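Here the structure is laid out as C-alpha cells; the discussion comes afterwards.
The values are calculated or read from the model by the stated rules, or taken from the named source; none is laboratory data. The structure displayed is predicted, hence computed values, not measured ones. All Cβ positions, glycine included, derive from the backbone under ideal geometry; neighbour counts span all protein chains shown.
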Amino acid sequence: MTDWAGRQSDEVVKDWLRQMHLIRFFDEKVDEFFAKGMIHGTTHLCVGQEASAVGACAPLKDDDMITSTHRGHGHCIAKGAEPDRMMAELFGRVTGYCKGKGGSMHIADVDKGNLGANGIVGGGIPLAVGAALTSQMKKQGKVAVCFFGDGATNEGSFHESLNLASIWKLPVVFVCENNQYGMSGPVKDMVNIEDIADRGASYGIPGRVVDGNNLLEMADVMEEAVMQARSGSGPVLIEAKTYRWKGHSKSDAKKYRTREEEKDWRTNKDPIKRFEEWLLEEGRITKEEAETIRQSALDEINRAVEFAENSEEPSMDTILEDVYA
Amino acid sequence: MTDWAGRQSDEVVKDWLRQMHLIRFFDEKVDEFFAKGMIHGTTHLCVGQEASAVGACAPLKDDDMITSTHRGHGHCIAKGAEPDRMMAELFGRVTGYCKGKGGSMHIADVDKGNLGANGIVGGGIPLAVGAALTSQMKKQGKVAVCFFGDGATNEGSFHESLNLASIWKLPVVFVCENNQYGMSGPVKDMVNIEDIADRGASYGIPGRVVDGNNLLEMADVMEEAVMQARSGSGPVLIEAKTYRWKGHSKSDAKKYRTREEEKDWRTNKDPIKRFEEWLLEEGRITKEEAETIRQSALDEINRAVEFAENSEEPSMDTILEDVYA
Amino acid sequence: MREITYAEAVREGLSQRMREDSDVFVLGEDIGVYGGAFGVTRGMIEEFGPERIRNTPISEAAITGAAVGAALTGMKPVLELQFSDFITIAMDQLVNQAAKVRYMYGGKGHVPMVVRTPSGSGTGAAAQHSQSLEAWVAHIPGLKVVQPSTAYDAKGLLKAAMEDPNPVIFYEHKVLYKSKSDVPEEEYTIPLGKADVKKEGTDVTIIATAIMVHKALEAAEELEKRGISVEVVDPRTLVPLDEETIIASVSKTGRVIIVHEAVKRGGFGGEIAGVIAESEAFDYLDAPIRRLGALPIPVPYNPVLEKAMIPQVEDIIKAVEETMRGA
Amino acid sequence: MREITYAEAVREGLSQRMREDSDVFVLGEDIGVYGGAFGVTRGMIEEFGPERIRNTPISEAAITGAAVGAALTGMKPVLELQFSDFITIAMDQLVNQAAKVRYMYGGKGHVPMVVRTPSGSGTGAAAQHSQSLEAWVAHIPGLKVVQPSTAYDAKGLLKAAMEDPNPVIFYEHKVLYKSKSDVPEEEYTIPLGKADVKKEGTDVTIIATAIMVHKALEAAEELEKRGISVEVVDPRTLVPLDEETIIASVSKTGRVIIVHEAVKRGGFGGEIAGVIAESEAFDYLDAPIRRLGALPIPVPYNPVLEKAMIPQVEDIIKAVEETMRGA
Ligand SMILES: Cc1ncc(C[n+]2csc(CCOP(=O)(O)OP(=O)(O)O)c2C)c(N)n1
Ligand SMILES: Cc1ncc(C[n+]2csc(CCOP(=O)(O)OP(=O)(O)O)c2C)c(N)n1
Ligand SMILES: [Mg+2]
Ligand SMILES: [Mg+2]
C-alpha cells in the first residue's frame, strides 16, 4: 500500500478529522430528533462508519461523482455537502437540498457530483455505472464512486452493474461498506464467503479488503483504486469492514446482535478516536487543535439545526412542480 | 473424475446415444418446418449441444427436477418427454404438452419433474432454487438441475439465485451451457473472465468446467455434483463448453461469428459422433446397432411429426381455461 | 368480541394456518428475530423456527422466484416483500412466471403462493417507500389482488388467500397496521371476490379501497349530517372484482365516486369507472362518474405535501357535494 | 412522398438525431451487427461504431440504470429493451429511479432518456414475449409514454421523445414494423401530447392505440358502408394524454368505443373511460362507454387462440353497431 494519506498536508488531514466529527454530530443530532419525534419518516445513521465515507471521498476531485445509499449522510458530507441544507432537508424545509421533497433517503447535490442517496438497496449501483459511462464517452476523466452495503451485494443490480462496468472498463470504484448486517440479516448468514471483495473476481475486477474504520488505510486504498479507474484500467471493488453503532433505522431492538459486540466496536474501533490518536502521535495536531476542530464541528451542526428550524416549509403551490423537466 | 458414465450398462449408454439422436432429429425437423413456414412463432435449436443435455440428465432419477430455457428441446427429451407431444406443442395442437398454449419456449411436464422451459433469460433460475427448497423442506431427497446459457449468467437472477441456494445449502445443480454466444453477443465480450464456472466462488459454490460436447465427461461431472447436492452439501455450478450449430433463432444471419468457427465445431467436436466413436472403440456397440439406433430415432421423430400433424387444434372454448387453478 | 390490530390479525391468521398446514411457510427480509419492518411476524420465528420463518438475503427477484418454484412443487409459501415498492424488482417472477406458468403449461401445475406487502404513504418514507402500485398486478391475468381495509377483513381474506391455489398479491396498508377492529379468535374465511358494503346509503355510492375506506366512512358521517345518505362499498379484492355489488349499488344511488390512494392517472379507479360506464348502471347515472386519487407526482417527503398528495376526508366531502349538485 | 416501413422510420429518426447530437447514443442487447431482434438498428453500428451503438450483456436492470445514470450526467441514451415484456426486470430503474430522481431531488437533475421497446402479440411468441404493458408506466408520474401507430408518427414522435428532457417509454408494435407509410426524409417533430384524428366522423368515436388504430380504420371503412360515420382518434401518447381532443370528439359524436390490445382489465382504456366519464362529454353521451381489450389470459401460442385473444375488426364493428343501437 502507498502512504498517500499520510503524505497529505496538515490542512487536509485536519479537514478529514473535521468531516468525521461533522458526520458524527450530524447523525447524533438526527438520532435525538427522531427519538423526540421532531423529524418525520425514518432515517439510517452511519455513526461508527465515518472513516469509510471520508476516506473514500478523500482522493476525489470536486467533479468526481458519487452515488450513495439510504445510509448516506456521511457520504454526503464527505463529498462536500452543507450540513445546514442537509438538516433542512430532514426537517422537510424548502431550504433543504431537495426542497423538502426528498428527505433523508434522497439527498442529492447533482452539481457537486453527488448523484444522490437511494432508498432502494442496490438501486444506485447501475446509476454510478451510467455516470462513469458519461465520463468515458465524453472523456471527462471523472471517476464515479459507488457506495453500497454488504446486504446490497446480494441484489441482482450489484452483479449486473459490476459486470457491465468491467467489460466496458468504466471509471467506477465500487465501495461496499460491510457493516456486518443488513437491516437485521448478519452478513455471515447471507453470504457464504468470508470477504465480499472476492466477488470482484466474477467480473475480473480486483477486490480489496480494507479496515473501514481506519481512515488512512481507507484513503490509501481508495487513492490507488481511483487512479486505476481514472487511468482507464477499469473498475475496482473495495470492501470496507465497519460497523454501525446505532440500530438499522428508528425503533430497532437490535435483537440480532449482542451488546458485547456493539461495545467492542465502540470502544476499540472508533474511527474518529483512532484517527485523532494518529494525528496526535504523528504530531500533526495538538490536543487543543483537536478539541477546537471537534467543537467547531459541533457548532456547525448546531447552526445547521438552527438553520433548519428557522427555514420555511415548502409552499403548497410547489407540490406539482419538479416532476418533469 | 470418476468413471461413472463408463461404468453404466450397455443398455444405458445406448439409450444416451438414442436420446442424442432424438434431440438432433427433432431440432433438424423443427428447423425445416420453420424454414417452410409450417410452424408459427420462433424457436431456438440446440443442435450441437446434445451431449450437455443428455449428460446432465443422465444421473438424474425420475423424480429429480429440471428447469430449462428457451433453447430447451434437448433438456426436455433428456428428461424423458415424448417427442410426439413436444412436436404437437410446436404445431400448437391440443395434444401438445401445453395443449398448444405454450409453444416451443414453454414446454413443461411438471409431473415428470420438468418444471418448464422459460422464455425469460435467467427466469427459470430462481424457480429451480424454489423447487430445491421444497425438496429440502419436505426431505424428498430430490435434486433440481437448473439449465441456463452463458448470457444468462449476466442477469441479476443468476446472482441472487446462486447466493440463495448456497446459504441455504439447497440441492440444486446449476448447469451453464456456454455455447459462446447469447443471441449474438460473444461471451468473451460480455464476460471479463475466462470461465463462467469461476463465478461460483462468489457464493462459496464449487465451479467445474466441462467439455460439454463430451457426453461421458459431462455425465461424470454431473453425477458427482448431483451426489453432492443430494447429500446436503449444497449446490454446484457446472459450465459446459459447447456450441450451437444453428443460428440463435429463425432468421439469424450469424454475422457475429465466422463460418470457419462453425465448421470447426461441426466437424471436430460433434458430440454424437464422438460418443458413437467411443461406443464403437470400447466395443459397447456394433456399427449395425449404431445405425439401428439412429434409424429408430429418426423414425420416432417422423412419427412425432405425423402425430402432431394429425392432432386437433385447441377448441376456442378452451381459451379462457387454465388461467386460475 | 376481542379487538386486535390489523398487524396482529395478519400475524394470527398466518400463525393459525401454519399450525394446521406444514406446507405453509413464510419467507422474506428481516422477518426473523427482527419481526419484519412493520413487526407483523414478530414472535413467529420463536414459535415456528427458522426453517418456516425464513430470513432471506436482500434479493427480491430470487426470493419471489424461489417462492414460485416452491409453490409449483408442493409448498405454500407466503412471501413478505418488505415494501410494496420493491415489487419493481420482482415483477418478472410475479408476472412472467407466477401468473403465467399454469396457462403456458396448458393447465398443469399451479402456484399457491401469497405475496404480502405493505403499501401506501403516510409514514414520511418518501417516493421510493410509499407507493400504491396495485393497478399493475390487477392488470395481469393469473394473479389475484387483495386490499384489506380492516383487521377483520385482513384475517379472513388472508386465510382465503393462503388457501387459494393461485398467486395472490396481498396489500397491507402501513398506516392501517395499528388500526383495530373486532376480530374473532377462531379462523374464518372471507372469500376473494366479495365486496363489502361498509355502510348503506341511498344518495351516492363511494367505492373506496384500503385506507380510503376509512376516509370515506368519515366523510359519509359528516355528509349524513348534511342530509346526504352515502353508501360505502369496499371491493376488498380487485381481482376478482365484485362487479355485481358495485353495479347494484350505483344503480341504486345513481351517483358514484371512486377513491383510491394510488395515483389517479392509470389507477384501478379507471377500471372501476370503466366497468360502471359500460354496465346497466350507466342508465341510472344522474351525474358523471368521479374518481379521486393521488396527484401525478412521486410521493413527497414533507408531511404537509405528502398528505396533500392523496385524497383526504374534505376532498371526498367536496366531491360528493359536487356530485349531488350534478356537477 | 417516399414510403418506408415503421422500422425504417425509427432507424432513420434515430440516425438523423445521432448525426446532429453526439450526446445521443443507443444501447441494448444485440443491437450491433445483429441489428436488434427486429432489425431496427441494422446497419447503424457500421455508421456510428460500437461506442455509440453499444451491444450490452443480457442484464436489463443494469443497462436501464446505466442509461439513467448516463442521462443524469449529460448523455442522451436511447435504450432498446429487446421485448417490452422484459421491462419487468427494469421496473425498479425506470419507476423508482428514472421517474423519480428529479422530484426527489427537488428539481435538480433531469433524465433525458428514451426506452424503445417492441410490444404486442401476433408473432406467435407466446405469453412472455407478447404483452402490452403500457398501462404500468402510464401510471407512474415522471414517465412519458408513447405508442406510435404509423411509420410517419413513429419518426416524428421519436424525435420529440429524444429531444424531451424526461424519460420517455416508446412502444413500438412488432407487427407494425413492416407497415409502410409516407415519411418525409427530412426531420420533423410530432409533439408529445397531441392526439391525431386519424379519420373524421360524426356518429361514434373510436379511441384506438397502436395496432388497433388500423383495425379501427378498417372497421370504420366497413361501417361507413353500413351508414355509420366513425371518427377514429389515436392518442399517440398516453402520457401526456390529449384529453381535449378526446373529449371534443366524444362530445361531438355522443358515443365512444375505446380499443387497445392490452388486457382490458386494468388497461389504460379504463383511464380514458374515466376521463370521459368525468368530463363535460358525459352529458353528451347517448350510450354507455364501451371498452375493447384483450381477454384476461396470458397470450396463447396457438395462432388461432392468439388472434382470438385480442380485439379484431369484426369485434369493433359489432361493438359500434351495438353502441349505435344504444345498447
Ligand atoms: C430493494 C430493497 N430491498 C429492501 C429494502 C429495505 N432495506 C433498507 S436498508 C436494508 C438493509 C441494507 O443492508 P446493507 O446493504 O448492508 O446496508 P446497511 O443498511 O447495512 O448500511 C433493507 C433490507 C430496500 N430499501 N430496498
Ligand atoms: C430477460 C430476457 N432478456 C433478453 C431475452 C432475449 N433473448 C432470448 S435468448 C437470448 C440469448 C440468451 O443467451 P444465452 O443465455 O447464452 O443462451 P443461448 O441462447 O445461447 O442458449 C436473448 C438475449 C430474453 N428472452 N429474456
Ligand atoms: Mg450492512
Ligand atoms: Mg449462449
Collect the residues in region B:56-111 that are without any contact (Cβ under 8 Å) to a residue 60 or more places away in the chain, within 16 Å of ligand 2 (Cβ to nearest atom) and touching a Cys at 6+ places or on another chain (Cβ under 7 Å), keeping them in residue-number order.
-> B:HIS73, B:GLY74, B:ALA78, B:HIS106, B:ILE107
Scan of region B:108-133 for residues that are surrounded by fewer than 24 Cβ atoms within 10 Å (Cβ to Cβ) and in a helix (DSSP H, G or I), ordered by number | B:VAL110, B:ASP111, B:LYS112
Test each condition in (1) over 22 Å from the mean Cα position of the chain (by Cα); (2) of a type in the set (A, V, I, L, M); (3) assigned to a strand (DSSP E or B) for C:ILE258 and report the one that comes out false.
-> (1)
Scanning region D:278-302 for residues that are surrounded by fewer than 19 Cβ atoms within 10 Å (Cβ to Cβ) and part of a helix (DSSP H, G or I) gives D:GLU280, D:PHE282, D:ASP283, D:TYR284
Listed by range, helices (runs of 4 or more DSSP H) wholly within region D:36-103 having at least 3 residues that are in contact (Cβ under 8 Å) with a residue 24 or more places away in the chain and either surrounded by fewer than 24 Cβ atoms within 10 Å (Cβ to Cβ) or at the interface with chain A (Cβ under 10 Å from one of its Cβ atoms) (or both) are D:44-52, D:60-72
Among the numbered conditions (1) more than 25 Å from D:SER121 (Cβ to Cβ); (2) among the polar types (S, T, N, Q); (3) more than 14 Å from chain A (Cβ to nearest Cβ); (4) in contact with a helix residue (DSSP H, G or I) (Cβ under 6 Å, 6 or more places away or on another chain), tell me where B:SER166 comes up short.
-> (3)
Only one of A:ARG257, A:ARG244, A:ARG208, A:ARG230 is over 20 Å from B:HIS159 (Cβ atoms), more than 12 Å from every other protein chain (Cβ to nearest Cβ), touching a Pro at 6+ places or on another chain (Cβ under 9 Å) and surrounded by fewer than 23 Cβ atoms within 10 Å (Cβ to Cβ), namely A:ARG230
Is it the case that D:ILE228 is in the same structural domain as D:ASP315 (by TED's automatic domain parsing), more than 28 Å from D:VAL40 (Cα to Cα) and out of contact with any Ser or Thr (no Cβ under 9 Å at 6 or more places or on another chain)?
-> yes
Options A:ALA297, A:ALA290, A:ALA304; residue that is surrounded by 12 or more Cβ atoms within 10 Å (Cβ to Cβ), touching a His at 6+ places or on another chain (Cβ under 8 Å) and within 29 Å of A:GLY212 (Cα to Cα) | A:ALA297
Set B:ALA132, B:ALA128: member being more than 7 Å from chain C (Cβ to nearest Cβ), small (Gly, Ala, Ser) and under 19 Å from the mean Cα position of the chain (by Cα) = B:ALA132
Across region D:197-241, what is the total count of residues that are under 22 Å from D:GLU163 (Cα atoms) and surrounded by fewer than 20 Cβ atoms within 10 Å (Cβ to Cβ)?
-> 1
Regarding D:SER121, is this residue more than 24 Å from D:SER22 (Cα to Cα) and within 14 Å of chain B (Cβ to nearest Cβ)?
-> yes
Mind listing whichever residues of region C:298-316 are charged (D, E, K, R) and either closer than 18 Å to D:GLY107 by Cβ or at the interface with chain A (Cβ under 7 Å from one of its Cβ atoms) (or both)?
-> C:GLU306
Does A:GLY80 fit the bill of being away from chain D (no Cβ under 13 Å) and closer than 26 Å to D:MET75 by Cβ?
-> yes
Residues in region B:250-259: is at least one part of a helix (DSSP H, G or I) and not hydroxyl-bearing (Ser, Thr, Tyr)?
-> yes
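Let's see how each residue does on (1) touching a residue at least 40 places away in the same chain (Cβ under 8 Å); (2) more than 17 Å from A:ASP15 (Cβ to Cβ); (3) touching a strand residue (DSSP E or B) at 6+ places or on another chain (Cβ under 9 Å):
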| position | (1), (2), (3) |
| --- | --- |
| A:TYR243 | yes, yes, yes |
| A:SER251 | no, yes, no |
| A:GLU260 | no, yes, no |
| A:ILE272 | yes, no, no |
| A:LEU280 | no, no, no |
| A:LYS287 | no, yes, no |
| A:ARG294 | yes, no, no |
| A:ARG303 | yes, yes, no |
| A:MET316 | no, yes, no |
Name the single residue, out of those in region B:28-62 being among the hydroxyl-bearing types (Ser, Thr, Tyr) and under 16 Å from the mean Cα position of the chain (by Cα), that is farthest from ligand 3 (Cβ to nearest atom).
-> B:THR43
So which residues in region D:16-32 are surrounded by 22 or more Cβ atoms within 10 Å (Cβ to Cβ) and assigned to a loop (DSSP other than H, G, I, E, B), if there are any at all?
-> D:GLU29, D:ASP30, D:ILE31, D:GLY32
Strands (runs of 3 or more DSSP E) enclosed by region A:158-249 - at least 1 residues per element that are more than 16 Å from ligand 3 (Cβ to nearest atom) and aliphatic (A, V, I, L, M) = A:172-178, A:236-241
